[in-house]
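Asker: Structure incoming, see below.
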Amino acid sequence: MDVVVLLGPPGCGKGTAAACLVQKLGFIQMSSGDMLRDIVAHKTATGIDAATYMIRGALVPDIMIGRMISDLIEAGPDSARYLLDGFPRTDGQMSILDDILADCGGVLRAVVLIEVNEAMLIERLVGRRVCPACKAVYHVVTLAPKQADICDACGAALVQREDDRPETISQRLEGYHRQTAGLIDAYAARGVLKRVDGSGGVDVFTARMIRAFE
Ligand code: AMP
């Protein structure tokens, strides 16, 4: 089993990168944020607990997300190529991933760091709108739907994520610098880190992502 990790601050384009790598290179995407939003929407006991962290822009405990990821990876076929979007995000989660890979003989092929300056991150997060039904992502200025607030793909009403409100965005960015940015040096020291410039429009960015895998 091969694993590629997408690393970078909120709003850097991990979801966009994942969509293009799934489509062009056949990865199976695992978005920790989407998995958590699903259990929150279904109001499971874990979901209700997770929501208390997510609503204030904090990370959920390592053990909670670690269990979800390991259950999924261990249930998948040995030949799978997983793209982890949003996991690991802490030193503890990095160790959990190492343990999962050791248990199932998996290999960490690459950690792709998507780099975007902070002003652009904030602009992207504040303007982001998502489709709760099919998960398509829009931006009020740079990727507007044909009809305001309606998903082009499935016609559902678009929403702003609770944690994309300005007061929560600053918590998430601060948390990234405090808890996640340290993983960059750790993975660079292992020789698996690839850096990709996440600035610019979707087409330019996805072309850079594909090139990083050539
Ligand atoms: P994302 O969609 O990746 O921006 O994640 C949205 C929220 O889900 C984050 O702000 C966290 O509250 C939670 N979350 C997602 N992934 C993780 C993770 N690997 N560890 C802890 N919390 C996470």
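The values are calculated or read from the model by the stated rules, or taken from the named source; none is laboratory data. Quantities reported herein were computed from a predicted structural model and do not represent experimental measurements. So basically every Cβ, Gly included, is an ideal-geometry build from the backbone, and we count neighbours across all protein chains shown. Ligands, DNA and RNA are excluded from the accessible area calculation, which covers all protein heavy atoms including side chains. Shrake-Rupley method; radii C 1.70, N 1.55, O 1.52, S 1.80 Å.
Asker: Cβ-Cβ under 6 Å, sequence separation 6+ or interchain: first residue in the range 62-78 and under 16 Å from R89 (Cβ atoms), partner open to solvent by 40 Å² or more (accessible area, probe 1.4 Å) and in a helix (DSSP H, G or I). Which pairs?
Answerer: Partner pairs satisfying both residue conditions: G66/I96.
Asker: Kindly indicate whether E123 is open to solvent by 40 Å² or more (accessible area, probe 1.4 Å), under 28 Å from V3 (Cβ atoms) and acidic (D, E).
Answerer: The answer is no for E123.
Asker: Continuing with the same structure: Could you pull out every one of the strands (runs of 3 or more DSSP E) wholly within the range 127-214 that has 1 or more residues that are touching a His at 6+ places or on another chain (Cβ under 9 Å)?
Answerer: 128-130
Asker: Quick check on the range 162-182. Is at least one of its residues buried (at least 17 other Cβ atoms within 10 Å of the Cβ) and free of Cβ contacts under 8 Å to residues at least 60 places away in the same chain?
Answerer: Checking the range 162-182: at least one residue is buried (at least 17 other Cβ atoms within 10 Å of the Cβ) and free of Cβ contacts under 8 Å to residues at least 60 places away in the same chain.
Asker: Applying the selection to the range 59-68, what residues are within 8 Å of the ligand (Cβ to nearest atom) and part of a helix (DSSP H, G or I)?
Answerer: Selection gives D62, M64, I65.
Asker: Out of contact with any Cys (no Cβ under 8 Å at 6 or more places or on another chain), over 23 Å from M209 (Cβ atoms) and among the hydroxyl-bearing types (S, T, Y): is that true of S79 in this structure?
Answerer: no
Asker: From the list D71, D103, D85, D99, pick out the single residue that is under 15 Å from M35 (Cβ atoms) and open to solvent by 50 Å² or more (accessible area, probe 1.4 Å).
Answerer: Being under 15 Å from M35 (Cβ atoms) and open to solvent by 50 Å² or more (accessible area, probe 1.4 Å) holds for just one of D71, D103, D85, D99, which is D71.
Asker: Could you list all residues from the range 86-104 that are in contact with a helix residue (DSSP H, G or I) (Cβ under 7 Å, 6 or more places away or on another chain) and more than 8 Å from the ligand (Cβ to nearest atom)?
Answerer: Once the filter is applied, which keeps residues that are in contact with a helix residue (DSSP H, G or I) (Cβ under 7 Å, 6 or more places away or on another chain) and more than 8 Å from the ligand (Cβ to nearest atom), the range 86-104 yields D91, G92, M94, I96, I100, C104.
Asker: Follow-up question, since we're still on this one. Does any residue of the range 123-139 turn out to be more than 17 Å from the chain's Cα centre (by Cα), modelled with pLDDT of 95 or more and small (G, A, S)?
Answerer: Scanning the range 123-139, I find at least one residue that is more than 17 Å from the chain's Cα centre (by Cα), modelled with pLDDT of 95 or more and small (G, A, S), so the answer is yes.
Asker: If D203 meets every condition in (1) loosely packed, with under 15 Cβ neighbours inside 10 Å; (2) without any contact (Cβ under 8 Å) to a residue 40 or more places away in the chain; (3) closer than 16 Å to E115 by Cβ; (4) charged (D, E, K, R) apart from one, which number is that one?
Answerer: (3)
Asker: So which residues in the range 22-32 are in a helix (DSSP H, G or I), modelled with pLDDT of 90 or more and over 9 Å from the mean Cα position of the chain (by Cα)?
Answerer: Of everything in the range 22-32, just one residue is in a helix (DSSP H, G or I), modelled with pLDDT of 90 or more and over 9 Å from the mean Cα position of the chain (by Cα), namely V22.
Asker: Scan (1) farther than 19 Å from R109 by Cα; (2) basic (K, R); (3) in contact (Cβ under 8 Å) with a residue 40 or more places away in the chain for the single condition R195 breaks and write down its number.
Answerer: (1)
Asker: Could you grab me the full set of residues in the range 13-36 that are touching a residue at least 40 places away in the same chain (Cβ under 8 Å) and near the ligand (Cβ under 9 Å from one of its atoms)?
Answerer: K14, G15, S31, S32, G33, D34
Asker: Here's a follow-up. Only one of these is under 30 Å from V204 (Cα atoms) and within 10 Å of the ligand (Cβ to nearest atom): L113, L125, L83. Name it.
Answerer: Selected residue: L125, the only one of L113, L125, L83 that is under 30 Å from V204 (Cα atoms) and within 10 Å of the ligand (Cβ to nearest atom).
Asker: Take the residues of the range 41-58 that are open to solvent by less than 50 Å² (accessible area, probe 1.4 Å) and in contact (Cβ under 8 Å) with a residue 12 or more places away in the chain: which is nearest to the ligand (Cβ to nearest atom)?
Answerer: Step by step, filter the range 41-58, then rank; the result is M54.
Asker: Considering each of R109, R128 in turn, give the residue that is open to solvent by 50 Å² or more (accessible area, probe 1.4 Å) and either touching a helix residue (DSSP H, G or I) at 6+ places or on another chain (Cβ under 9 Å) or of a type outside the set (S, T, N, Q) (or both).
Answerer: Being open to solvent by 50 Å² or more (accessible area, probe 1.4 Å) and either touching a helix residue (DSSP H, G or I) at 6+ places or on another chain (Cβ under 9 Å) or of a type outside the set (S, T, N, Q) (or both) holds for just one of R109, R128, which is R109.
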